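Structure first, commentary second.
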Amino acid sequence: MNNHKLKAFTLLEILVALTIFSIFMVSMIMIYASSANIDRKIEINRSMQENTKNIIETIAEDIRKNGISWVSDTLWIWCSFPSTDLYKSGDKLCVWTNNYYLVIKNSVTWNYQRIDSSNIQTKCWDLKNECILVRKQWSDITRLSNSRVRFTNLEFLVSNDNIPKVTIIYEMQPSIKKWVKYETIKNSKLNFQTTITSRLIKTN
């Protein structure tokens, strides 16, 4: 009678195999997570660049058509362009009947509340608030930045030295989304500055 010995894995062999498989799976998950995070950052940067392009093109076209009126820190006062003032800064830019400034979108009433320069750091630096750039023409308000980005600072510097021009300075971040981590929002900032005249755009 032949004795047949059954071949089987030992407990040690099973543990080694499971360990190797676990290391492989953890490595694959880490690679996937890293790749997804990089793709997310690329998408965020692309979104901020697209918003910047749309904003600057909109304001530049308006300035070329209508000229620069001036800047103001007060919503209810119309901008004027006094010849005695060569330089002036403010958080609201006036171009004929159009006003450009930051607002907070109220999630309850869906109304826009304007932010003046004294409140920008208090309100726009808070990640819970969505600060966006708008253009107001009479009673119509048009959003210039989409929901993927938020502003933490905005300043207009207008000069009347031979050729009127405006320098736009702002800081932009990703908006709070479920798929965007807090650290990504905190570390992803676009500091932008450009100068616009009726004939030329210079970007720094």
- line: Placing each pseudo-label 7 Å from Cα in the direction of the beta carbon, residue 182 and residue 53 end up separated by a distance in nanometres of 3.4 nm
- prompt: Over 23 Å between Cα atoms, which of 41/186; 123/189; 128/186; 41/165 qualify?
  reply: 41/165
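Read the figures in this text as sums done on the coordinates, not as results from a lab. What you are looking at is a predicted structure, and each value in this text was computed from that prediction instead of being measured. With ideal geometry, Cβ positions are generated from the backbone for all residues, glycine too; neighbour counts draw on all protein chains shown.
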